[in-house]
Structure formats: C-alpha cells, structure tokens
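So the structure is just underneath, and the comments pick up after that.
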Amino acid sequence: MCVTSLHLIFTHTMCNYECTDGYHWDPQTQHCKDINECETIPEACKGEMKCFNHYGGYLCLPRSASVIPAPEPPNQIHPSLENTASEPFNPCPPGFEPQGDSCVDVDECEQDSHDCQPSQQCFNTEGSFSCQCPDGYRKVGTECIDIDECRYRYCQHRCVNVPGSFSCQCEPGFQLAANNRSCIDVDECSMGAPCSQRCYNTYGTFLCRCEQGYELGPDGFACNDIDECSYSSYLCQHQCVNEHGKFSCVCPKGYQLLGTRLCQDINECETGAHQCSDGQTCVNIHGGNKCVDSKSCEEPYVQVSDRCTCPITKPGCRDLPYSVVHRYMSITSERSVPSDLFQIQATSVSPGAYNTFRIRSGDDNGDFYIRQINNISAMLVLARAVNGPREYVLDLEMVSMNPLVSYHTSSVLRLTIYVGPHAF
C-alpha cells in the first residue's frame, strides 16, 4: 500500500515495494538485493553436489566443478524508481546507431558496453554481441562452469581434471604417446633396468633372468651362484668343486677325468710315468704303480724262464710246490661280492692225473675262496667286500695226483692283489 501526499508541484510516495523471486527489499539502500540461498536454505544441494549462489537463484553443481565468479551486479532497482532522465532519441533498432541517413551496428565489445563476465570473451554480432567462455568451460546462465573432460574417456589410462583443462597419466611401465592421451610401453631393458644378467621387456613391465648356473635372488634383480655340489653327492665320481655359474669334477692323484664326472686310472706303466729300474717290472695298480723285481725266486727255487722251480734233487724241495709263478692284479675298493677275480688254468696235465685247487696261504681272514670249474681250471672268488689301500699275496695251489702210478705234485700261482683306495 502506498500513501501519496500532493503539495502543489512535488509528489512524495512512501511504498513497501515487492521484489522479484530471488531478491529482497533492502530499506537502507532502497534497492532489491540478491538472496544467498546457499546460506539461507539448509542443505540446498543434496549428495555430492555443491551449492553456488546465482543472481536471483542458485546452482547445484559437482564438487569438482569450478565457477569463475562474476562481479556483483548492481542491485535491482524497482521499475518505478528507474532513472527517468531523458535520453537522445534513437530512431535505429536496438544495437544500431544513426550515422547520417542510415543505421550502423554498434560494437558493444569495443565500446565496453557489454555485460560479459571478466572471464568471458566478448564477440560483436550484427545488432548485438555474445559472451563466450574460454576453452574447457561451458556457459550455464551467465556463469562459466568447468567441463570435466575425464568423463568423456579421452585418456587411455588415467585422467586428471584441472580447471579449464585435463591431463592424462599412464600406469607404471608406460609413458604418454605423442598425442598426450595414449599410453605406450616403456622398454625398461634399454633404459637401464637393474637386472644383473638378462633382461626381458614385457608389456608394462620387465623380467630379470639368469644365466645357467645362477638363480634369481629374492629381490628379483640379482643373480646368485648355484652351489650345485650341495644338491647331490652323485654329480662327480670323486670330488665336486663349485665355481661361479658352474661346477667341475676333480680326480685324486693317479687318476684322470673321463668325460666330465668320471675318474679313470692312469696307467703309468704305459705312459712311462714310473720310476722302475731296468731290473724291475712296472705293475699298474689303481691310483699308481708298483715296481717289482723281475727275478724274485727265493731259495731253494731257481729261475727257469718266467717261473721259479724247485728241483726234486734238492732235499729242501721235497715238501714244497714244484713251481711258483708270480702274477699281479689290482681291484677297486667296495667291489660287490661274490665277485670272480682270477681264473687259474693248468698248462700241462699228466694223463690220468686228478687235479684239485686250493688257497695255500695269504687268506687269513677268509676274504676269498676257490671255485673249481673242471679238472684243469678254477676261479678265485672275492667273498667279502674289502677296502683299500691294501695288499694281498695269495698262493693259489694246484695239486695233481695219479693213484695208479703213485704220482703226486703241486704248483703255485703266487697272486699279488692290490686293493685301490677308491671304488673306481
């Protein structure tokens, strides 16, 4: 309601004016003032939305949105209080001005007579102008709101939205391509990956591998030597020696490596690597050699060809074998038993003679026995496993008897057996 007093020329009106929605009357300034709904309305925006005050209203936008604030517009003036000062008459349409007898466009942008926000760019149009937002923003009402480009999936891996723009990031093991959106694999192997031996590039990462004889450490980069010798005692026949990235087998003195792991006895008698004199005979044994006298007959025996004989004419020969032949052999330790070692063969047999074979001496522990094959041959058998180094001297006797003519004689094969120190 208005109360009007009329005094001659002046008219004074006192009113309680009504403002449009979103504004309230400010009696102090006598203007309509914008209402900040974000402060006056509890929970104006729900959920993850953020409240932004707007002239005559408010906006609910995502929390990631950025709003370029505009300067506070002049308070709304009630239409009845508008300046009624007279302006020059303009016969041209809005946005034009007279020039001579014609109307020309007014460049509001150049004359700064536009209402674009400071963050916006003014573009003159025919009879008007337009306000446009910078790249990365979109216009909502009179405001410029940041565009969340990440929701359009421009990036292959990860997208980071920033005011007015966005950036793409790649997962570890990748790098941005020239288009700044795609991600390409990084070849870590060519860029100094920390592999100590071999490096294999894979999609998005890399793998370290080791040479033969090494294993990958707990860190996945370092290669540690494998001690093959600790895994098995059967890698080498004698001794395993671990080396960087491999192992080797060594043999004891008197042996040489056969292949990569076996040991073979060196025959010093054949290679000439012995110290036997001219009057001695070299006998090869496992791991070495022996030098024995070529003439080793003891009294009352005499040397006849390759054997020692005891003439029946000598009284001391009556209870002794007629002949003694010396032979030598070498066996390994831990030989499986029973094991045939040496075959005894008669060189001459009297007609009607009956032959028997026995171990005359040297087998005090019963490590051997004789198995007769027939009337003229027998086999010396190892009965128990023996370990060396050790030496046996066995007298293997063949006794010949012929009861028809009262014939009785014997001969001995003196066999020296050398047991090597190893099982090979």
message: Run the simple label-point estimate for Val337 and Asn36 please: 7 Å along Cα→C-beta, distance reported in nm.
response: 11.1
- prompt: Quick one: with all protein chains in place, what share of the accessible area of the chain is carbon or sulfur, to the nearest percent (1.4 Å probe)?
  reply: 51
- request: Work out the charge dipole of the chain with +1 on the Cβ of Lys and Arg and -1 on the Cβ of Asp and Glu about the Cα centre, then indicate which of Gln156, Leu415, Leu235 is farthest towards its positive end.
  value: Leu415
statement: Rounded to one decimal in nm, the spacing of the 7 Å Cα→Cβ label points at Thr20 and Asp107 is 3.1
- prompt: Where a Cα-Cα gap under 16 Å defines reach, which aspartates and glutamates qualify for Lys290, not counting those fewer than 8 residues away within the same chain?
  reply: Asp265, Glu268, Glu270, Asp278, Glu391
query: How long is the gain from Ser119 to Asn374 if the chain were fully straight, where each residue apart is worth 0.36 nm and the alpha carbon distance is subtracted?
result: 79.3 nm
- line: Only helices counted: for the chain, with every DSSP H run of 4 or more residues adding -39500 (n - 2.57) and the sum spread over all residues, [θ] at 222 nm is -500 deg cm²/dmol
query: lysines near Lys139 by alpha-carbon distance under 19 Å, same-chain residues fewer than 8 away left out - which ones?
result: Lys50
- prompt: Taking every pair of alpha-carbon atoms in the stretch 145-260, what share in percent sits in each 5 Å bin, from 0 to the bin with the longest distance?
  reply: 2, 11, 13, 11, 10, 8, 8, 8, 6, 5, 5, 4, 3, 3, 2, 1, 1, 0, 0
- prompt: When all C-alpha to C-alpha distances in the stretch 204-300 are sorted into bins of 5 Å, what percent of pairs does each bin hold, rounded to whole numbers?
  reply: 2, 12, 14, 12, 10, 9, 8, 7, 6, 5, 4, 3, 2, 2, 1, 1, 0, 0, 0, 0
field: Net +/- balance of residues flanking Cys310 in space, Cβ distance below 15 Å, scoring K and R +1, D and E -1
entry: 0
- line: Computed over the stretch 172-235, the convex hull of the Cα set has an average projected area, in nm², of 5.3
- prompt: When Lys and Arg each count +1 and Asp and Glu each count -1, what net charge do the other residues less than 15 Å away from Thr356, Cβ to Cβ, add up to?
  reply: +1
Those GluC sites (Glu not before Pro) in the stretch 117-191 that DSSP places in a loop and that have at most 10 other beta carbons within 10 Å: Glu126
query: Out of Val302, Asn365, Phe166, whose Cα points farthest toward the positive end of the dipole of the chain (charges: +1 Lys, Arg; -1 Asp, Glu; placed on Cβ)?
result: Val302
field: Charge tally in the Cβ shell below 15 Å around Asn179, where Lys, Arg are +1 and Asp, Glu are -1, Asn179 excluded
entry: +1
field: Per residue accessible area of the chain, 1.4 Å probe, in Å²
entry: 65
field: Most positive-pole-ward Cα, Asn201, His286, Pro27, against dipole of the chain from beta carbon charges
entry: His286
- line: Quotient of Cα radius of gyration and Kirkwood radius for the stretch 372-424, i.e. Rg/Rh, equals 1.15
query: When volume of the Cα convex hull per residue in Å³ is calculated directly from the model, which label among [x] 180; [y] 326; [z] 253 fits?
result: [y]
statement: Excluding residues fewer than 8 positions from Lys295 in its own chain, the lysines with Cα under 24 Å of it are Lys314
task: For the stretch 227-301, state which GluC sites (Glu not before Pro) are in a DSSP loop and have at most 16 other beta carbons lying within 10 Å of their beta carbon.
output: Glu298
- request: Could you work out how far apart the two model spin labels at Val241 and Gln99 are, taking each label as a point 7 Å from the Cα in the direction of the beta carbon, and quote it in nm?
  value: 10.5
query: Anyone know which of Gln345, Gln275, Gln111 comes out most mobile in the 10 Å Cα GNM of the chain?
result: Gln111
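The values are calculated or read from the model by the stated rules, or taken from the named source; none is laboratory data. Computed from a predicted structure; not experimentally measured. Note that each Cβ is placed from the backbone with ideal geometry, even for glycine, and that neighbours are counted across all protein chains shown. Only protein heavy atoms, including side chains, enter the accessible area calculation; ligands, DNA and RNA are left aside. Shrake-Rupley method; radii C 1.70, N 1.55, O 1.52, S 1.80 Å.
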